[in-house]
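Read-outs: derived from the displayed coordinates by stated rules, not from any lab. Everything quoted here is computed from the prediction, not taken from an experiment. No Cβ is skipped: glycine too gets one built from the backbone with ideal geometry, and neighbour counts run over all protein chains shown.
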Amino acid sequence: MNFRKITILSAIFALFTIMVGCNEDDDNEALNYASLEMSNNIEVEANATKTGSVKVYASAVMSYDRTYSIVVNTAPTATTMPASDYTVPATVTIPANSNVGTFNVTVTGNNLGTGKKIALNLAAAPGIYVGKPLTINVTEFCNGSKVKIDFLFDDYASETSWELIDENSNLVASGDGYADGDASFSTQLCLAAGHYYFVIYDSYGDGMTGTYTVSNLSDSGAILVTGGGDFGTDITEEFDIN
């Protein structure tokens, strides 16, 4: 066999070896792929505790247990729920002869406002390929009407404060402590049927060039109150929840 033929055969053998190796890598990647479910939402009553379940899926069934580490992304923009208000286990196990595992997440409904988030992922490790992160949306369960309060501030947000008072003169909610330069503020409340007074204060006494809006999310976002302008030191708006 001449040198040219030996060179060609060697190249073919090398290419075959590379292709087999790549296929083996692809197979191994498929066998070791795991991912959290795509979406998850938990509704919890105010100041109560609730447990929800989260599923993790593997791409193949194995004859042995597989355990994966769970990671909470604690970056402020990823997880907005305080660590004291949720519990997440350190690991999750997919049992033998299955490709689905489950773990529980427990949350407490403290000051949820418009809702909080918990961002989770499975920890990557040698030989383990993981999917995209999961964001759990935690919102307040409401037996009444979900009402949203929105402020679009002027340049002097620190001058603005507000109170929501029910028909029995009970303070339902309030807000202040905003900083000049804050562009907006939103919060959600669960209100029972009744008559309400929404009082907006301006410490400087010239109202606000921004706006305030109260809307009923349980009634397709119907506007209950909206306003702004020069109302002096305070203004009282009234609305009903049926």
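Structure notes:
- The chymotrypsin sites (Phe, Trp or Tyr not before Pro) of segment 24-133 meeting both criteria, a DSSP state outside H, G, I, E and B (loop) and at most 15 other C-beta atoms within 10 angstrom of the site's C-beta, are Tyr64.
- Dipole of the chain [Lys/Arg +1, Asp/Glu -1 at C-beta], most positive-end residue of Asn137, Val71, Ile118: Val71
- Inter-centroid distance (Cα atoms) of segment 176-214 relative to segment 65-113, Å: 35
- Here the residues Ser63, Ser184, Ser215, ranked from fewest to most Cβ neighbours within 10 Å of their Cβ, fall in the order Ser63, Ser184, Ser215.
- At 1.567 mPa s and 4 °C, Stokes D of the chain from Kirkwood alpha-carbon radius, µm² per second: 58
- Between helix 3-31 and the chain: long-axis angle, C-alpha atoms, 0 to 90°, nearest 10: 40
- Computed from backbone phi with θ = phi - 60° and the Karplus coefficients 6.51, -1.76 and 1.60, the 3J(HN,Hα) list for segment 176-189 is 6, x, 6, 9, 4, x, 4, 7, 7, 8, 9, 8, 10, 10 Hz; x is used for glycine and proline.
- Cα principal axis extents for segment 145-241, largest first, Å: 34, 26, 20
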